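The values are calculated or read from the model by the stated rules, or taken from the named source; none is laboratory data. The shown structure was predicted, so the numbers you read here are calculated from the model rather than taken from an experiment. Positions of Cβ are generated from backbone atoms using ideal geometry, with glycine treated the same way; all protein chains shown enter the neighbour counts. Protein only, heavy atoms only, side chains kept; ligands, DNA and RNA dropped before computing areas. Shrake-Rupley method; radii C 1.70, N 1.55, O 1.52, S 1.80 Å.
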Amino acid sequence: MDTISETVTIKLPTFHPEQVRAFRTTASWDYVALRAGRRWGKNVYGETTASDHIARGMTVGWFAPEYKRLSETYENIAQMIEPVKTRSKQGEVIRTMTDGRVDFWSLEDENAGRGRKYHLIVIDEAAFGKKKILRETWERSIKPTLVDYAGRALVMSNTNGIDPDDFFYSICHDPLLGFRQFHAPTRSNPFLPLRKPTEPFELWVARRRAYFDRLRADTPPLVYEQEYKAEFVDWSGASFFALDTLLVRAGDGSMQPADLPAKCDAVFAVIDTATKTGKDNDGTGVTYFAFVRHGLTYNVIVLDWDLQQIEGALLETWLPTIFQNLEHYAKACRARSGSVGAFIEDKASGMVLLQQAARRGWPATPIDSKLTSLGKDERAISVSGYVYRGLVKLSRKAFDKVVTYKGTTRNHLRGQVVGFRIGSKNEQREDDLTDCFCYGVALALGNNEGF
Ligand SMILES: Nc1ncnc2c1ncn2[C@@H]1O[C@H](COP(=O)(O)OP(=O)(O)OP(=O)(O)O)[C@@H](O)[C@H]1O
Ligand SMILES: [Mg+2]
């Protein structure tokens with residue numbers, strides 16, 4: 001009988017030297033914890049490893065804490081193994097002509113992986129996701145998928161605080177779980193920042209050094225330790241947004257709130273309507289900001305805020321007052337582009353506000369899902385550099401204001417923002433104004449610094 005054999009070549013990315021070192025070091029380990037800083041190349045590493053397996057006819061289970069983290073990986077793997085790809089289902093499975101397959105699982109699904117057998121499982125962003133991965137999920141759902149083939153596990157993540165209940169923290173600390181770890185900081189990705197096509201090598205090396213030096217200087221030290229060095233950071237003691245960074249130094253050396261800007265580029269508001277308990281009388285926070293440009297630099301001033309318990313029905317009469325206040329601040333701060341309106345989270349009662357505003361032609365914009373889909377801690381970390389560099393200031397009004405909310409009279413903005421703690425497990429903590437604050441800073445400064 002004739003057999004027809006065909007050679008198909010697929011081209012996988014070439015690992016950078018530190019990825020090569022990770023590959024060699026971990027080659028004989030069954031369970032690998034890859035603890036690496038932001039942008040180190042975890043995805044390139046995991047996706048290349050998975051593609052190599054399925055091209056050789058093996059089965060792979062790819063897990064992420066949430067569905068939204070799977071789609072990019074699906075596309076990358078589909079592209080890498082294109083010449084051998086057969087039937088696939090967007091975001092769910094890719095098969096190869098060599099009988100390999102990769103299944104994509106979100107760990108939001110409690111039954112993820114059940115009933116399957118894998119040569120390799122990969123967990124991406126293991127320490128993240130709104131619901132943390134627990135050791136039980138590994139023991140009960142994922143580990144059993146490796147028994148048939150005595151398969152291997154590659155668990156990749158950056159660090160996310162100290163939490164003995166968290167799976168990723170545990171596999172890096174508790175040898176009984178059977179993992180060994182490979183640790184790599186961001187800086188060991190030699191491709192970052194990407195070299196420009198015609199840039200001479202020496203100039204690029206100098207730019208790279210200067211870039212990392214500045215990144216280090218501009219990032220709060222604990223954030224740098226966590227995000228770029230992938231160290232496990234203890235956040236419990238530290239006030240995350242230090243009050244002093246939100247104030248300006250007066251002539252006598254004391255730290256004082258900022259004056260209202262005499263001129264600015266735009267004013268805007270961020271509204272956060274909490275729906276924690278699902279009751280109508282949950283808190284609704286609003287924070288007003290001025291966006292100020294000085295030459296090539298920008299900053300943000302928190303002008304004012306409010307926190308109220310408003311019944312659903314009364315939100316209708318409350319919303320117009322936000323736009324009136326914005327007009328007031330646009331005049332008071334001589335905003336060149338005037339008020340650019342209110343930014344509102346597109347869920348629950350926020351959706352109602354957006355609809356109301358749309359009906360009446362008021363400028364209200366849903367906050368980009370890239371921001372709203374992050375966890376509170378991730379969002380706070382993502383804006384922390386701007387605050388640390390002193391680009392965000394409180395006005396005297398925002399600093400002095402006192403409001404009675406749920407029976408407590410105080411400056412809730414300061415209380416919440418300066419009182420904010422990373423990794424807090426207190427579900428009851430009030431943080432609507434912290435959310436407004438982080439959204440406002442991200443909206444004004446987050447996207448290449450400037451609207
Ligand atoms: N082997 C490689 N060859 C070329 N570029 C690479 C390689 N590894 C990583 N990169 C580049 O480095 C950057 C970060 O890669 P990747 O997204 O895989 O990192 P990550 O660790 O998953 O990042 P994040 O922390 O954002 O999840 C990308 O621009 C990627 O193309
Ligand atoms: Mg990644």
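Scanning the range 59-68 for residues that are among the basic types (Lys, Arg) and buried (at least 19 other Cβ atoms within 10 Å of the Cβ) turns up nothing. For residue 8, only one of the following conditions fails: (1) within 29 Å of residue 133 (Cα to Cα); (2) β-branched (Val, Ile, Thr); (3) in contact (Cβ under 8 Å) with a residue 60 or more places away in the chain. What is its number? The failed condition is (1).
The set of residues in the range 174-202 that are in contact with an Asp or Glu (Cβ under 7 Å, 6 or more places away or on another chain) and in a strand (DSSP E or B) contains only 184.
Selection of the range 382-436 for residues being in a loop (DSSP other than H, G, I, E, B), touching a residue at least 40 places away in the same chain (Cβ under 8 Å) and more than 28 Å from residue 346 (Cβ to Cβ) yields 389, 390.
Is it true that residue 335 is out of contact with any Leu (no Cβ under 7 Å at 6 or more places or on another chain), aliphatic (A, V, I, L, M) and at pLDDT 90 or above? Yes; evaluated as a whole, the condition is true for this residue.
Of the helices (runs of 4 or more DSSP H) contained entirely in the range 314-377, those carrying at least 1 residues that are within 19 Å of residue 288 (Cα to Cα), of a type in the set (Lys, Arg) and open to solvent by 70 Å² or more (accessible area, probe 1.4 Å) fall at 315-332. Of the residues making up the range 57-81, those that are under 13 Å from residue 47 (Cβ atoms) and not aromatic (Phe, Trp, Tyr) number 14. If you go through the range 132-173 and keep only what is in a loop (DSSP other than H, G, I, E, B), open to solvent by 40 Å² or more (accessible area, probe 1.4 Å) and either in contact (Cβ under 8 Å) with a residue 24 or more places away in the chain or within 16 Å of ligand 1 (Cβ to nearest atom) (or both), you end up with 132, 147, 148, 149, 150, 162, 165. Out of 178, 129, report the one residue that is open to solvent by 10 Å² or more (accessible area, probe 1.4 Å), away from ligand 1 (no atom under 16 Å from the Cβ) and touching a residue at least 60 places away in the same chain (Cβ under 8 Å). Just one listed residue meets the conditions, 178.
When we screen 349, 369, 339 for residues that are free of Cβ contacts under 8 Å to residues at least 24 places away in the same chain and either among the hydroxyl-bearing types (Ser, Thr, Tyr) or not assigned by TED's automatic domain parsing to the domain that holds residue 260 (or both), the only hit is 369.
Say we look at the range 25-55 and pick out the residues that are surrounded by 20 or more Cβ atoms within 10 Å (Cβ to Cβ), within 24 Å of residue 144 (Cα to Cα) and of a type in the set (Gly, Ala, Ser); which of these is farthest from ligand 1 (Cβ to nearest atom)? Result: 55.
Quick one: in the range 208-260, which of the residues that are assigned to a loop (DSSP other than H, G, I, E, B) and aliphatic (A, V, I, L, M) is surrounded by the most Cβ atoms within 10 Å (Cβ to Cβ)?
Filtering first and then ranking leaves 230.
Suppose we keep only residues that are among the small types (Gly, Ala, Ser) and away from ligand 1 (no atom under 16 Å from the Cβ) within the range 113-126. Which one would you say is surrounded by the fewest Cβ atoms within 10 Å (Cβ to Cβ)?
115
Output yes when any residue across the range 34-42 is within 15 Å of ligand 2 (Cβ to nearest atom), in the same structural domain as residue 134 (by TED's automatic domain parsing), out of contact with any Ser or Thr (no Cβ under 6 Å at 6 or more places or on another chain) and part of a helix (DSSP H, G or I), and no when none is. Looking through the range 34-42, at least one residue is within 15 Å of ligand 2 (Cβ to nearest atom), in the same structural domain as residue 134 (by TED's automatic domain parsing), out of contact with any Ser or Thr (no Cβ under 6 Å at 6 or more places or on another chain) and part of a helix (DSSP H, G or I). Considering the range 43-65 alone, what residues qualify as being in contact (Cβ under 8 Å) with a residue 40 or more places away in the chain and within 16 Å of ligand 2 (Cβ to nearest atom)? If the condition is that a residue be in contact (Cβ under 8 Å) with a residue 40 or more places away in the chain and within 16 Å of ligand 2 (Cβ to nearest atom), then 43, 45, 46, 49, 50, 51, 62, 63, 64, 65 are the ones that fit. Within the range 92-112, which residues are surrounded by 23 or more Cβ atoms within 10 Å (Cβ to Cβ) and not aromatic (Phe, Trp, Tyr)? Hits for the range 92-112 are 94, 96, 100, 102, 107. Test residue 20 against the stated conditions and say whether it is of a type in the set (Val, Ile, Thr), out of contact with any Cys (no Cβ under 9 Å at 6 or more places or on another chain) and either assigned to a loop (DSSP other than H, G, I, E, B) or open to solvent by 10 Å² or more (accessible area, probe 1.4 Å) (or both). It is true that residue 20 is of a type in the set (Val, Ile, Thr), out of contact with any Cys (no Cβ under 9 Å at 6 or more places or on another chain) and either assigned to a loop (DSSP other than H, G, I, E, B) or open to solvent by 10 Å² or more (accessible area, probe 1.4 Å) (or both).
Within this structure, residue 82 fails the test of being free of Cβ contacts under 8 Å to residues at least 60 places away in the same chain and open to solvent by 40 Å² or more (accessible area, probe 1.4 Å).
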